[in-house]
Amino acid sequence: MMKFFRKIHLWLSVPFGIIITLVCFSGAMLIFEPEVTRAVKSDVYYVASADGEPMQMGELMETVKATLPDSVSITGVTVFSDPERTYQVNLSKPRRASLFIDQYSGEITGRYERIGFFSVMFKLHRWLLDSANPHGEGVKVGKMLVGVSTLVFVIALISGVVIWFPRAKKNLRHSLSISFEKGWKGFWKGLHVAGGMYALVFVLAMSLTGLTWSFNWYRSAFYAVCGVEHTPRNFGQAKSRSGEDGERRGRGGRGEHEGRGGRGNRGEGGYRGEGRGHHGDENGEFGHRNGGGHRRSEFGRWQQVYDELKAANPDAPQITIGKESASVSLGNSGNSRASDKYEFNRRSGEITPQTMYADAVGADKLRGWIYSIHTGSLGGMLTRILWLLGALLGASLPLTGYYIWIKHLFKKKKSH
């Protein structure tokens, strides 16, 4: 039986090892993309000075609207808990478009642009740079290879544990050690065996959740095992109501941006999908003056709604206001995409709870948990660091495995 597991471990790993390394490494590179992006483009994501009070949201939106072509509309604005973060103004198109505006000065600081390195890493992680279909829909060779390789990785990890266990019973300390006592050969072997055990929980968590973006049959089975009925989202309905972006399949599952699950919000990636909305509120609540005239604004009640939600949720990491909907992201639930969703009357500003996270359907909650576990964001900075180290160790396993295998082949050849 042990011989069978050794062969399974070897002959499944050899053809797919390089792909596994690429997927793990690219996933590791994406874990801290938001922090790196904000550091590199701090002039876009942070205000010049946080002195004084922010300008009224309606006035800020009118400033942005004046710069947009007629074919593009504002679908919402995301306000972060950090007062030094600029407001993110989400646009109807192009896909995932958004602008950032300094809420104290009214200056537009820039638009969302993914750094080239992270764009390559994301495409490598999800589709092996297969550009036949850049959004990942439909049958795609790269996407299929990533899915199959991830499935092979799970089998290789499990078979590796079976192989490792008998030796661990005899000498656990030795089986979990990585050292140079036997030179480079001993180091690489220790890194493969012990490193695999140290990374096991993390890479299994990433792989088992990542497969939900690769295969429909697996996703349905995964939901069933979790006791949840898988109900695909009605994207058309979501878009027509709030410009909500469909769940991004990426980054080792991770989305392109920093989103934390607000309604109509995908974090710093912006909105997509909603056409141009109502121009001007019928009751002229905002009452923006321009050259002595009085004109109506479609953003009339946004500030009122934000102020009310902020007062009720002072610790919320971000709040998103849309045309007739809003969301408050929850920062302490483990599920990094957890949010309470609201609707409001655009004339009066009256807020009506729509779906509180505690009452959300199981499928919606599980989607958030899958994303959070896959990206390591379920426990904040600590789990993300652990996931980074785990992904890098996972990337090393096929390489060290190749080394051990080739050494064995040479040794076997010499003995003959």
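Just a few scattered comments:
- Within the stretch 46-70, residues that are among the small types (G, A, S) sit with their Cβ atoms under 9 Å from residues that are open to solvent by less than 60 Å² (accessible area, probe 1.4 Å) and not in a loop (DSSP other than H, G, I, E, B), at 6+ positions apart or across chains, in these pairs: A48/T109; G58/H288; G58/W302; G58/Q303.
- Of the residues in the stretch 388-398, at least one is of a type in the set (S, T, Y), touching a residue at least 60 places away in the same chain (Cβ under 8 Å) and under 20 Å from P15 (Cα atoms).
- E59 being open to solvent by 60 Å² or more (accessible area, probe 1.4 Å) and part of a helix (DSSP H, G or I): yes
- Answer from F165, F202, F180 - the residue that is aromatic (F, W, Y), part of a helix (DSSP H, G or I) and farther than 16 Å from Y371 by Cα: F165
- Condition check for N332: open to solvent by 50 Å² or more (accessible area, probe 1.4 Å), under 30 Å from S207 (Cα atoms) and either modelled with pLDDT under 90 or not charged (D, E, K, R) (or both): yes
- Pairing residues of the stretch 143-155 that are open to solvent by less than 20 Å² (accessible area, probe 1.4 Å) with residues that are of a type in the set (V, I, T), at Cβ distances under 6 Å and at least 6 apart in sequence or on separate chains, gives V146/V23; S149/I19; S149/I20; F153/I20.
- Sole residue being outside any loop (DSSP other than H, G, I, E, B), farther than 30 Å from D70 by Cβ, open to solvent by 20 Å² or more (accessible area, probe 1.4 Å) and modelled with pLDDT of 95 or more, chosen from L124, L99: L124
- Restricting attention to the stretch 65-86, the residues that are within 22 Å of G349 (Cα to Cα), out of contact with any helix residue (DSSP H, G or I) (no Cβ under 6 Å at 6 or more places or on another chain) and buried (at least 19 other Cβ atoms within 10 Å of the Cβ) total 7.
- Selection status of R38, part of a helix (DSSP H, G or I) and free of Cβ contacts under 8 Å to residues at least 40 places away in the same chain: yes
- Selection status of G147, within 27 Å of M206 (Cα to Cα) and out of contact with any helix residue (DSSP H, G or I) (no Cβ under 6 Å at 6 or more places or on another chain): yes
The values are calculated or read from the model by the stated rules, or taken from the named source; none is laboratory data. Given the structure is predicted, the values throughout are model-derived calculations rather than measurements. Positions of Cβ are backbone-derived with ideal geometry, glycine not excepted, and every protein chain shown enters the neighbour counts. Accessible surface is based on the protein model in full, side chains and every heavy atom, while ligands, DNA and RNA are left aside. Shrake-Rupley method; radii C 1.70, N 1.55, O 1.52, S 1.80 Å.
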